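I have placed the structure first, in the form of structure tokens, so that the comments after it can refer back to it.
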Amino acid sequence: MRSNAFYAPETIQELIEVLELKKDNRDFYFIAGATDFAINAKKHEIMDYTAIDLTHMDELKRIEKVGDCIEIGAAVTMTRLEESNILKDHGNALAEAAGRVGSTQIRNRATIGGNIANASQCADTVPASCALGATVILLDSEGKQRELPLEEFILGIGHTQIKSNEVLVKIRIPNGRKMAYSSFSKVGSRKNVTISKINCAVRIVFEDNYVAEATMYFGSIGSKVIKAVAMEKHCIGRAWDEKLLAELLELGSLQIDQAIPTRSSRHYKRIAVKGVISDVFNDIVSQRGVI
Amino acid sequence: MIINAVINGEAVEKECNPNKRLVEFLRDDMGLVSVKEGCGEGECGSCTVLLDKEAVTSCTVLAGQINGREVTTVEGLDVMGELKPVMESFVKAGAVQCGYCTPGMIISTIALRYKNPNPTEDEIKRALEGNLCRCTGYNKIIEAVKKIER
């Protein structure tokens, strides 16, 4: 079916009604910031399609504390993520990641929901959200919601578990604990307005000056984010000092060797990884110093 | 679809294909040719406009998405009297050569000043990072933004 329709639901009920129409049609596209869509439409010559605009859904533009969690609407822009005080306090890695996406114009439009659902291997908010233990909440055409871990939701480049009658409505992250710190860093081919060649997000919980919990993710290496399990384990019970950093740098290179043993980019990335690990390590040092 | 939006300060009601890009709507349907298309991928910033007072690349917005919103281009800034001090500063600093990027640069500058009337050099650079200029080498543009008279 070729069409050129445009739906702009404003409430969850209206969104559910559009999902009912969408489920049997392949030419329906969710559009939020359209920063990825516009490029794809041009590249693949998508001329006639039905757009479901999510930018008029005020309900999906909020960042709020709900119980023990922080809920982020899928249509929250990178600019709002970066400026959010709630995130600065409880999900700093995500605020930092959002601030490093694209340019000012892109950050004013691009949304976290789009960044996640588009499932690019280079997405910056994905490793940051994973490090914060994020889950995604999907809404279907019957009005039912399901929640699953973000890491499981993304299957590979451009592929997610979303069904044709579902839409990503929220990202949920556990509320940060008192001694929890998180950070994000990336390397691209230039300083700003750059797509990650490698990025890294960590969340560290301290107890009496020693690491009690560590979560570390790398993005832009393979088709999915990589959980750096060996590095995480290595941190437990340790003081956050230069000795630990030196060991983490070596483990980081090892992680790259294991993840992409045959790729030519391995030689660059096994060195570049040390840069992003140093960045997040030092950022956590300075965050602890301030508080 | 009939689009209802405030464009350059005036309420506009216009029939158009909602799935065409905002840059095409502004240029072809509204005759606002200060909006230039460059890369068409949100990278170069020459099509930058204000959408609800924030800078966005109009090649990555669908026309239907501006329904109920406010869009401002350089033409509108002129009518509202906001263009003159910025334009004069650009001219004085020699920040305009071929001029293709200039409308986008001006819009990004105005958006920055809405949020931050006294930006530092780093803040100026960040606000303009999404606007490419292949002539000036940027120094004169940054100078121009610094020296805008109030």
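The values are calculated or read from the model by the stated rules, or taken from the named source; none is laboratory data. A quick note: this is a predicted structure, and the numbers were derived from the prediction, not measured. Glycine gets a Cβ as well: all are built from the backbone with ideal geometry, and neighbour counts include every protein chain shown. Keep in mind that these areas ignore ligands, DNA and RNA; they rest on the heavy atoms of the full protein, side chains included. Shrake-Rupley method; radii C 1.70, N 1.55, O 1.52, S 1.80 Å.
Considering only residues in region A:77-98 that are within 14 Å of chain B (Cβ to nearest Cβ) and under 18 Å from A:Asp58 (Cα atoms), the one that is surrounded by the most Cβ atoms within 10 Å (Cβ to Cβ) turns out to be A:Met78. Considering region A:239-261 alone, what residues qualify as being in contact (Cβ under 8 Å) with a residue 24 or more places away in the chain and open to solvent by 60 Å² or more (accessible area, probe 1.4 Å)? Correct list: A:Leu254 only. Only residues that are open to solvent by 70 Å² or more (accessible area, probe 1.4 Å), over 18 Å from the mean Cα position of the chain (by Cα) and either in contact (Cβ under 8 Å) with a residue 24 or more places away in the chain or within 12 Å of chain A (Cβ to nearest Cβ) (or both) were counted in region B:106-145, giving 3.
Residues in region A:1-24 that are over 19 Å from B:Asn67 (Cβ atoms), part of a loop (DSSP other than H, G, I, E, B) and open to solvent by less than 40 Å² (accessible area, probe 1.4 Å): 0 in all.
Within region B:63-100, restricting attention to residues that are farther than 30 Å from B:Asn4 by Cβ and touching a residue at least 60 places away in the same chain (Cβ under 8 Å), the residue that is nearest to the chain's Cα centre (by Cα) is B:Tyr100.
Where strands (runs of 3 or more DSSP E) sit wholly within region B:42-101, those with at least 1 residues that are within 10 Å of chain A (Cβ to nearest Cβ) and closer than 21 Å to A:Thr104 by Cβ occupy B:48-51, B:54-57. Pairs are defined by a Cβ separation below 9 Å, a sequence spacing of at least 6 or placement on different chains, a first member in region A:148-163 that is under 22 Å from A:Asp24 (Cβ atoms) and touching a residue at least 12 places away in the same chain (Cβ under 8 Å), and a second member that is in a helix (DSSP H, G or I) and β-branched (Val, Ile, Thr); the pairs so defined are A:Thr160/A:Ile116. Scanning region A:197-214 finds no residues that are assigned to a loop (DSSP other than H, G, I, E, B), among the hydrophobic types (A, V, I, L, M, F, W, C) and either modelled with pLDDT under 95 or not assigned by TED's automatic domain parsing to the domain that holds A:His267 (or both). Within region A:184-196, the set of residues being closer than 20 Å to A:Thr111 by Cα and in a strand (DSSP E or B) comprises A:Phe184, A:Ser185, A:Lys186, A:Ser196. In region A:219-238, the qualifying residues are those that are among the β-branched types (Val, Ile, Thr) and under 16 Å from A:Ser253 (Cβ atoms), and the one that is least open to solvent (accessible area, probe 1.4 Å) is A:Ile221. The conditions are (1) away from chain B (no Cβ under 14 Å); (2) within 18 Å of A:Tyr217 (Cβ to Cβ), and A:Val101 fails exactly one of them. Which is it? Of (1) away from chain B (no Cβ under 14 Å); (2) within 18 Å of A:Tyr217 (Cβ to Cβ), only one is false for A:Val101: (1).
If you scan region A:223-271, which residues turn out to be small (Gly, Ala, Ser) and more than 24 Å from the chain's Cα centre (by Cα)?
Step one: of region A:223-271, the residues small (Gly, Ala, Ser) are A:223, A:228, A:230, A:237, A:239, A:246, A:252-253, A:259, A:264-265.
Listed by number, the residues that qualify are A:Gly237, A:Ala239, A:Ala246, A:Ser264.
In region A:27-76, which residue that is out of contact with any Leu (no Cβ under 8 Å at 6 or more places or on another chain) and on the phi > 0 side of the Ramachandran plot is nearest to the other protein chains (Cβ to nearest Cβ)? Looking at residues that are out of contact with any Leu (no Cβ under 8 Å at 6 or more places or on another chain) and on the phi > 0 side of the Ramachandran plot, I get A:Glu45. The one condition from (1) free of Cβ contacts under 8 Å to residues at least 24 places away in the same chain; (2) among the β-branched types (Val, Ile, Thr); (3) closer than 23 Å to A:Asp257 by Cα that A:Ile226 does not meet is (1).
Take A:Arg80 and tell me if it is within 15 Å of B:Thr57 (Cβ to Cβ) and more than 12 Å from the chain's Cα centre (by Cα).
Values: within 15 Å of B:Thr57 (Cβ to Cβ): no; more than 12 Å from the chain's Cα centre (by Cα): yes.
For A:Arg80, the condition - within 15 Å of B:Thr57 (Cβ to Cβ) and more than 12 Å from the chain's Cα centre (by Cα) - is not met.
A quick yes/no check of all residues on (1) basic (Lys, Arg); (2) more than 20 Å from A:Gly188 (Cα to Cα); (3) at pLDDT below 95:
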residue: A:Thr111; (1), (2), (3): no, yes, no
residue: A:Gly114; (1), (2), (3): no, yes, no
residue: A:Ala123; (1), (2), (3): no, no, yes
residue: A:Val126; (1), (2), (3): no, no, no
residue: A:Gly133; (1), (2), (3): no, yes, no
residue: A:Asp140; (1), (2), (3): no, yes, no
residue: A:Glu151; (1), (2), (3): no, yes, no
residue: A:Ile154; (1), (2), (3): no, yes, no
residue: A:Thr160; (1), (2), (3): no, yes, no
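Taking A:Leu150, is it in the same structural domain as A:Ala97 (by TED's automatic domain parsing) and either in contact with a Ser or Thr (Cβ under 8 Å, 6 or more places away or on another chain) or open to solvent by 10 Å² or more (accessible area, probe 1.4 Å) (or both)? Spelling it out, A:Leu150 is indeed in the same structural domain as A:Ala97 (by TED's automatic domain parsing) and either in contact with a Ser or Thr (Cβ under 8 Å, 6 or more places away or on another chain) or open to solvent by 10 Å² or more (accessible area, probe 1.4 Å) (or both).
Let's see how each residue does on (1) at pLDDT 95 or above; (2) among the hydroxyl-bearing types (Ser, Thr, Tyr); (3) surrounded by 20 or more Cβ atoms within 10 Å (Cβ to Cβ):
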{"site": "B:Ile7", "(1), (2), (3)": "yes, no, yes"}
{"site": "B:Glu10", "(1), (2), (3)": "yes, no, no"}
{"site": "B:Asn19", "(1), (2), (3)": "no, no, yes"}
{"site": "B:Leu22", "(1), (2), (3)": "yes, no, yes"}
{"site": "B:Arg27", "(1), (2), (3)": "yes, no, no"}
{"site": "B:Val33", "(1), (2), (3)": "yes, no, no"}
{"site": "B:Gly42", "(1), (2), (3)": "no, no, yes"}
{"site": "B:Cys47", "(1), (2), (3)": "yes, no, yes"}
{"site": "B:Leu50", "(1), (2), (3)": "yes, no, yes"}
